[in-house]
1. Can you pull out the strands (runs of 3 or more DSSP E) entirely within the range A:155-263 that have at least 1 residues that are open to solvent by less than 40 Å² (accessible area, probe 1.4 Å) and hydroxyl-bearing (S, T, Y)?
2. Take the residues of the range A:37-55 that are outside any loop (DSSP other than H, G, I, E, B) and not polar (S, T, N, Q): which is most open to solvent (accessible area, probe 1.4 Å)?
3. Hey, does the range A:136-143 have a residue that's within 14 Å of chain B (Cβ to nearest Cβ), farther than 17 Å from B:I88 by Cα and surrounded by fewer than 20 Cβ atoms within 10 Å (Cβ to Cβ)?
4. Residues B:L6, B:L60: which one is at pLDDT 95 or above and aliphatic (A, V, I, L, M)?
5. Of all residues being in contact (Cβ under 8 Å) with a residue 12 or more places away in the chain and either of a type in the set (A, V, I, L, M) or not in a loop (DSSP other than H, G, I, E, B) (or both) in the range B:177-197, which is farthest from B:I42 (Cα to Cα)? Just the residue, please.
6. Mind listing whichever residues of the range A:37-96 are more than 16 Å from B:T93 (Cα to Cα), among the aromatic types (F, W, Y) and facing chain B (nearest Cβ under 10 Å)?
7. Hey, which of the helices (runs of 4 or more DSSP H) in the range B:1-113, taking only ones fully inside, have at least 3 residues that are within 14 Å of chain A (Cβ to nearest Cβ) and surrounded by fewer than 19 Cβ atoms within 10 Å (Cβ to Cβ)?
8. Got a number for residues in the range A:1-36 being surrounded by fewer than 16 Cβ atoms within 10 Å (Cβ to Cβ) and charged (D, E, K, R)?
Amino acid sequence: MEASITLKKVGKLAGDKTILAGLSFGIERGSLVAIIGENDAGKSTLLKVLAGTEIPDYGNVFIHGIDSTKRRINSQSYTGFVPFNSDLDPFLSLEENIRFIGSVHGVKDSNITSRIKKFATDLNFMDSLHKQASITSPGNAKKAMIVRELIHDPSILIIDEPTAFMDARSGRETWELLRRLAGEKTIIYVSQSLPEVEQANDRILVMQQGKIILDGTLDRLLESTLRYHQFEIEFVNLTEQLFNKLAAVTTVVNPTKIGNTLHFYGRERAVFFQVLHEAAGELMKDLSVKKLSLRDLLDSEFAGRGLD
Amino acid sequence: MIQAFLLRRWWLFRRRIFSTLTFVVVLPILIHLALTVGIGNIIMETIAKFSYQKWLYPGLVLIVNTVMIIPIIYRDFFDLRVNSRTLITLSLTPLSKIQLVGFLLLTALVEATIFSMVAMTIFLYLMDLSLSMLDLLYILVSMNLFGLIVSNGLITISLLTDRINTFFIVTFIFFLFIIFSSELLFEFEFYPLRISAVLKNLPTSMISNWCRGLIFNGYFDWTFFLTPLGIGLVWTTINAVLLKRTLRQ
């Protein structure tokens with residue numbers, strides 16, 4: 001597939017600190033790409049570099065083959081960028097904010113009107129369009145920012161936390177819209193909401209300290225953990241002695257004690273029975289077993305040294 | 001493209017119509033009471049024997065115009081950059097920085113000119129002056145030329161400061177400097193020779209001199225017209241570069 005965005009050794013520094021460490025990768029046209037990772041991993045900076053609000057200290061970003069630093073104006077007509085916090089003009093209404101940016105992009109008035117109506121209906125905030133941006137709810141402001149960036153019909157949409165400040169229903173409606181747009185547009189987003197990323201289920205980039213440490217679909221990322229399970233056993237009284245005894249079971253991985261609950265990972269369910277066998281005679285209150293998710297994968301323990 | 005920026009000005013004006021109109025009407029009345037009435041009783045004629053009230057009129061209009069421009073430039077280049085960050089979003093549109101600065105500046109001048117025209121009418125009534133249409137046209141042109149220089153100065157301050165306190169302190173100093181260094185209220189003959197020799201070469205002084213030269217002597221001084229215009233245009237370009245650097249793009 002044709003590349004929408006190509007990064008070649010893109011780096012960004014802040015003093016001595018490396019924010020982006022020579023990133024090189026491509027994003028295919030029409031794909032839905034999530035960027036996740038711990039705080040300060042460089043996710044938002046990467047979005048800003050892709051959007052053109054910040055220029056890299058070294059390396060090149062190509063938008064549809066155009067160098068975004070050398071031919072900024074050409075490349076930016078292809079992109080729309082929704083930052084995390086509201087960047088709407090606080091003294092204009094939501095609709096005026098959208099109309100103004102649409103006009104600056106040279107979109108016809110009739111097209112602006114029809115697109116506002118279409119997207120505002122999809123995102124269910126038609127009634128709030130006339131409200132001044134400074135007094136509207138942050139969730140509606142975020143929706144208006146998304147519509148504003150769709151108004152010139154960009155082929156690439158870059159969003160920092162697509163459903164930030166939104167209630168559950170608004171979040172669902174936003175994702176319905178984004179999923180519908182994916183394929184037609186390349187959508188790159190940063191999210192801390194891992195269940196949302198798992199549901200979107202397209203390409204996921206995991207960042208750590210300015211580098212991409214994992215890259216692939218959800219299934220591929222979880223491949224290494226597919227046989228792992230997460231176990232929790234709540235005892236009536238989990239003593240240190242008992243904890244140490246159970247933690248010593250060789251097949252138990254990363255055991256932790258939280259109150260009277262033993263939390264651990266294991267490659268097979270059989271591990272669970274081994275632990276139960278060791279704990280025979282102890283009173284238990286509750287048990288739970290679940291397959292690993294993206295959150296577990298991103299757990300600092302795993303990101304740092306993996307399960308094995 | 002400029003229509004989008006003009007329409008935005010209209011939307012903004014519509015949202016604060018009563019406060020703006022009150023400001024536009026009250027400001028010239030206050031300036032008249034505070035300056036014209038008092039100084040007019042001390043100075044009757046200029047050194048060249050022209051009516052002081054008539055000599056002062058263009059200066060007062062330029063002061064009002066400067067006051068009108070300050071909140072507009074503050075809003076567009078400081079508040080929208082530092083607080084709401086809308087300027088960053090605008091910088092992502094297919095506009096070059098020079099276009100962005102130019103359009104915002106041009107529409108600020110249009111807005112300030114319209115408001116200043118109301119002030120011009122109020123001053124004419126309060127000061128009981130009669131000026132020809134041509135004289136008023138000269139004042140309008142000088143107002144825009146003066147606004148170009150002042151706006152550029154304010155844009156530079158807005159782009160170089162990130163704290164509101166700093167912005168207002170520097171703007172206040174800049175405003176006082178402009179008022180007393182541009183021959184708006186008093187003739188340079190009242191100043192020490194060395195100082196007036198320097199101040200006469202300021203672009204803002206050239207504009208007030210150009211305007212009064214036309215009104216009182218009917219003389220069009222091309223140097224006093226083209227020099228501030230050239231400085232204003234070059235300064236706009238410098239501000240575009242400054243915006244690019246400030247936004248780190």
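1. Working: elements: A:156-160, A:186-190, A:203-208, A:211-217, A:229-235, A:253-258.
So the answer is A:186-190.
2. Of the range A:37-55, the ones outside any loop (DSSP other than H, G, I, E, B) are A:37, A:43-51.
Applying the additional criterion that residues be not polar (S, T, N, Q) yields A:37, A:43, A:46-51.
On the way: A:G37: 7, A:K43: 15, A:L46: 0, A:L47: 0, A:K48: 76, A:V49: 3, A:L50: 4, A:A51: 3 Å².
Within the range A:37-55, the match that is most open to solvent (accessible area, probe 1.4 Å) is A:K48.
3. Of the range A:136-143, the ones within 14 Å of chain B (Cβ to nearest Cβ) are A:136, A:138, A:141-142.
Okay, now just the ones that are also farther than 17 Å from B:I88 by Cα, so A:136, A:138.
Next, from what is left, pick out any that are surrounded by fewer than 20 Cβ atoms within 10 Å (Cβ to Cβ): A:138.
Checking the range A:136-143: at least one residue is within 14 Å of chain B (Cβ to nearest Cβ), farther than 17 Å from B:I88 by Cα and surrounded by fewer than 20 Cβ atoms within 10 Å (Cβ to Cβ).
4. Numbers: B:L60 fails: at pLDDT 95 or above.
Among B:L6, B:L60, only B:L6 is at pLDDT 95 or above and aliphatic (A, V, I, L, M).
5. Here the answer is B:I178.
6. Across the range A:37-96, the qualifying residue is only A:F91.
7. Values: elements: B:2-15, B:17-31, B:37-42, B:52-73, B:86-90.
Correct list: B:2-15, B:17-31.
8. 5
The values are calculated or read from the model by the stated rules, or taken from the named source; none is laboratory data. The structure presented is a predicted model; accordingly, all values stated were derived computationally and were not measured. No Cβ is skipped: glycine too gets one built from the backbone with ideal geometry, and neighbour counts run over all protein chains shown. Only protein heavy atoms, including side chains, enter the accessible area calculation; ligands, DNA and RNA are left aside. Shrake-Rupley method; radii C 1.70, N 1.55, O 1.52, S 1.80 Å.
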